[in-house]
Amino acid sequence: MKKEITFILNQEEVKAEVQPEWTLLYFLREVLGLTGTKEGCGYGECGACTVIVDGKAINSCLYPILEVEGKSVTTIEGIISRDGELHDLQKSFIEHGAVQCGFCTPGMIMSAKALIDEKEKPTVDEIRHTIAGNLCRCTGYVKIIDAIKSVVDRR
Amino acid sequence: MRGYEYYKPGTIEEAIRLMTSLEDAQYIAGGTDVLVLLRQKKIKPGHIISLRNIKDLAFIAHHNGLHIGSGTTHAEIERNEIIRRNYSALHDATSNLGSVQIRNVATIGGNICNAAPSADTACPLLVLDAGVTIAGLEGERKIPVDEFFLGPGKTVLRKGDILKEFVMPLFGPTTGSSYIKHTRRQAMDLPIIGVATRITISIGKNGGELRCRDILCTIEDVSNLLARFEDEELRCEDIRIAMGVVAPIPMRAKEAEAALKGKIISEKLFEEIGEIAANEAAPRDSVRGEAWYRREMIKVLVKRSILRSIDRIIRPDDMVYPERLW
Ligand SMILES: Cc1cc2nc3c(=O)[nH]c(=O)nc-3n(C[C@H](O)[C@H](O)[C@H](O)COP(=O)(O)OP(=O)(O)OC[C@H]3O[C@@H](n4cnc5c(N)ncnc54)[C@H](O)[C@@H]3O)c2cc1C
Ligand code: FES
Ligand code: FES
């Protein structure tokens, strides 16, 4: 049976009818058409579906849609500025060549964003720990870590 | 995916009433085990009862010891400074369980109620003498966590029961604990085996303080430090050893504990203790590791975990650098 929920998505209020068995990932991609958030495994293993809920990085593939009621969700689509300028992390990923096929990138950036929003100057160790749940099959992680570190260093 | 109804009760009583009134219902906390099972179609409940909106289940409190609500996430436990210092084994487990994304939603109650032999928080709770409070239709009852597990995926919980909180006693500055998760990868892996220990040490006949003061202390291996304290007669006042993935349920190595309690400690003795613990274990071959290997590693890890627990008594402020030695 459908239920109505209200929550904040990328700083705008969303009201919608949802099925209880939908995950947040399904709702974002299949209902709203926000395909920036990726589905890799669907089991919490790969991190491609990472979004931020109330300041914390979570796997949207394991998040029941009814639990976002009243919460604030940020996806990769929501981190560019109002006039369309890319987020520092996005720019840095491009500058450092930290994107190859790009499938892991939205998840990586959301994990990194949750970290740097919470901590002014995270260490390289903390950066590594933070993206341990984000798999990348292309880059070997070095450039991804460099890209995040460079944003931290410029603060 | 088959449809189900989803309920979000705000109190424990409401959740229990719902659960006992519905036919095929399933509790969900962080959902990191339940959603995977749903997706794999291993469970097909008609009703899901979420415990996530019950405020009385998510808390960390310090009065007469440590109280942790079952709905507390691993991330919240990982961040708690008192737990890091005084209940270090639990910090070890929660800071390396799954990923940041998992730890931000997965709960300690879910980890224990799921009752996987590999559940990372089980051994730490065993060595920290945790008690669990269970709320059911007929009120509350308290049992030691040692009695909670019955088999893989099986616990003493009856229909409607909710694990409410974990309670652990206070431990003083002469007690240290640790948990070592033996994995192939550094992150995002379940343990091949897990070993937790807690030890309380007393010093010499005349008493005295077990603290390391000179500069060497910050770099020296704990084995060398122990050798330096040799004349002081360090005695093991109390010891707990727990092992995971070596039997159908997480278990205490009680013979090994008995063999160490009251003795003057030395690294050589810890090796003997490791042997005894390995004999108590009943590991099996599995994709993650073979039985003989698991048994060998218990010997190594029991000793290593005891040394690490002692290290934390001697150098409580150095805990931020666990990689230094291991
Ligand atoms: C990618 C990934 C990596 C993982 N890595 C690890 C790991 O390294 N180590 C590890 O130990 N586990 C790991 N897990 C397993 C899981 O994340 C943990 O067991 C977690 O703590 C479960 O908590 P939860 O709140 O998500 O449980 P849920 O899935 O919500 O619930 C689990 C079970 O417990 C029951 N339950 C939950 N709370 C209560 C309660 N208060 N009273 C009664 N019953 C209750 C539920 O009905 C269900 O049967 C991993 C899982 C994933 C998906
Ligand atoms: S799709 Fe969610 S973790 Fe892989
Ligand atoms: S860039 Fe291809 S998976 Fe990371």
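With 24 Å as the limit, write out which pairs from B:Lys261/B:Lys303; B:Lys8/B:Lys44; A:Lys71/B:Lys41 have Cα-Cα distances beyond it, or answer none. Don't jump to the answer; show the numbers that get you there.
Working: B:Lys261/B:Lys303 15 Å; B:Lys8/B:Lys44 19 Å; A:Lys71/B:Lys41 29 Å.
In this structure, A:Lys71/B:Lys41 lie more than 24 Å apart at Cα.
Equivalent-ellipsoid semi-axes (√(5λ), Cα gyration tensor) for segment B:175-314, whole Å, largest first? Kindly include the intermediate steps, with their values, before the conclusion.
Values: eigenvalues 164, 56, 25 Å².
That gives 29, 17, 11 Å for the three semi-axes.
Kindly provide the helix-only [θ] at 222 nm of the protein assembly as shown, computed as the sum of -39,500 (n - 2.57) over DSSP H runs of four or more divided by all residues, to the nearest 500 deg cm²/dmol? Working shown, then result.
Working: 16 runs with 146 residues, N = 481.
Result for the protein assembly as shown, helices only: -8500 deg cm²/dmol.
Quick one: A:Thr23, B:Thr94, B:Thr133, fewest Cβ neighbours within 10 Å first, how do they rank? Don't skip to the end; give the middle numbers.
Details: A:Thr23 25, B:Thr94 28, B:Thr133 17.
Least to most surrounded, the residues fall as B:Thr133, A:Thr23, B:Thr94.
Answer rounded, prolate or oblate for segment B:258-319, using the Cα gyration tensor with square roots of eigenvalues a ≥ b ≥ c: rounded when a/c is under 1.5, else prolate when a/b is larger than b/c, else oblate.
On the way: a/c = 3.32, a/b = 1.61, b/c = 2.07.
It comes out oblate by the Cα gyration axes.
By count of other Cβ within 10 Å, fewest leading, how are B:Leu150, A:Leu62 ordered? Don't jump to the answer; show the numbers that get you there.
Working: B:Leu150 13, A:Leu62 26.
Ranked by crowding around the Cβ, least crowded first: B:Leu150, A:Leu62.
Can you give me the angle between helix B:291-314 and the longest principal axis of chain B, using Cα atoms only, in degrees from 0 to 90, rounded to the nearest 10?
Helix B:291-314 and the main axis of chain B meet at about 70 degrees.
Based only on the alpha carbon positions, what is the Kirkwood hydrodynamic radius of the protein assembly as shown, in angstrom? Could you put the intermediate results ahead of the total?
Numbers: mean 1/r = 0.0418 Å⁻¹.
Answer for the protein assembly as shown: a Kirkwood hydrodynamic radius of 23.9 Å.
Taking amide H positions as placed 1.01 Å from N in the peptide plane, with prolines and chain starts having none, which residues 5 or more places from A:Cys46, or on another chain, fall under 5 Å of its amide H?
Amide H neighbours of A:Cys46: A:Cys41.
Percent of alpha carbon pairs in chain B separated by more than 37 Å?
Taking all Cα-Cα pairs of chain B, the fraction more than 37 Å apart is 19 percent.
Among B:Lys263, B:Lys42, B:Lys154, whose mean-square fluctuation peaks in a Gaussian network model of chain B (Cα, cutoff 10 Å)?
B:Lys42
Specify the inter-centroid distance of segment B:149-170 and segment A:92-128, based on alpha-carbon positions, in whole Å.
Measuring centre to centre over Cα atoms gives 38 Å.
Evaluate the charge dipole of segment B:55-168 about its Cα centre and quote only its size in Debye, nearest 20, assuming +1 on the Cβ of each Lys and Arg and -1 on the Cβ of each Asp and Glu.
Numbers: 11 positive and 13 negative charges, 35 e Å.
That gives segment B:55-168 a dipole magnitude of about 160 debye.
So which aspartates and glutamates can A:Lys113 reach, going by Cα to Cα under 12 Å and dropping same-chain residues fewer than 8 places off?
Partners found: A:Asp88.
Any idea how far the Cα center of segment A:63-90 sits from the one of segment B:178-198, in Å?
Rounded to whole Å, the Cα centres lie 35 Å apart.
Please work out the Cα convex hull volume for segment A:3-79 and give it in Å³ per residue. All intermediate terms of the calculation are to be shown ahead of the outcome.
On the way: hull volume 5.9 nm³, N = 77.
Normalising the Cα hull of segment A:3-79 by residue number yields 77 Å³.
Using the Kirkwood radius over C-alpha pairs as Rh, can you work out the diffusion coefficient of segment B:55-168 via Stokes-Einstein at 20 °C, viscosity 1.002 mPa s, in µm² per second? List each step's numbers first, then the result.
Values: Rh = 14.0 Å.
Rounded to a whole number, D works out at 153 µm²/s.
Would you mind finding the longest exposed-site-free stretch of chain B, with exposed GluC sites (Glu not before Pro) meaning DSSP loop and at most 10 other Cβ atoms within 10 Å?
Values: sites that count: B:Glu23, B:Glu138, B:Glu209.
Excluding the exposed sites themselves, the longest stretch runs over B:210-326.
If you consider only alpha-carbon coordinates, what radius of gyration and Dmax does segment A:7-155 have, in Å?
Over segment A:7-155's Cα set, Rg and Dmax evaluate to 14.8, 44 Å.
Starting with the fewest neighbours, write out B:Thr73, B:Thr174 ranked by other beta-carbon atoms found within 10 Å of each beta-carbon. Please report the intermediate quantities before stating the final value.
On the way: B:Thr73 21, B:Thr174 15.
The most exposed by this proxy come first: B:Thr174, B:Thr73.
Looking at segment A:88-154 from every direction and averaging, what is the projected area of its Cα convex hull in nm²?
For the Cα atoms of segment A:88-154, the hull's average projected area reads 3.8 nm².
Taking the 0 to 90 degree range and rounding to the nearest ten, how far is the long axis of helix B:12-21 tilted relative to the main principal axis of chain B, both from C-alpha atoms?
50
How large is the convex hull of the Cα atoms of segment B:5-50 per residue, expressed in Å³ as a whole number?
Working: hull volume 2.9 nm³, N = 46.
In segment B:5-50, the Cα convex hull volume per residue is 63 Å³.
Since every read-out is calculated from the coordinates, none of them should be taken as a lab result. Everything quoted here is computed from the prediction, not taken from an experiment. Cβ atoms come from the backbone with ideal geometry, glycine included; neighbour counts cover every protein chain shown.
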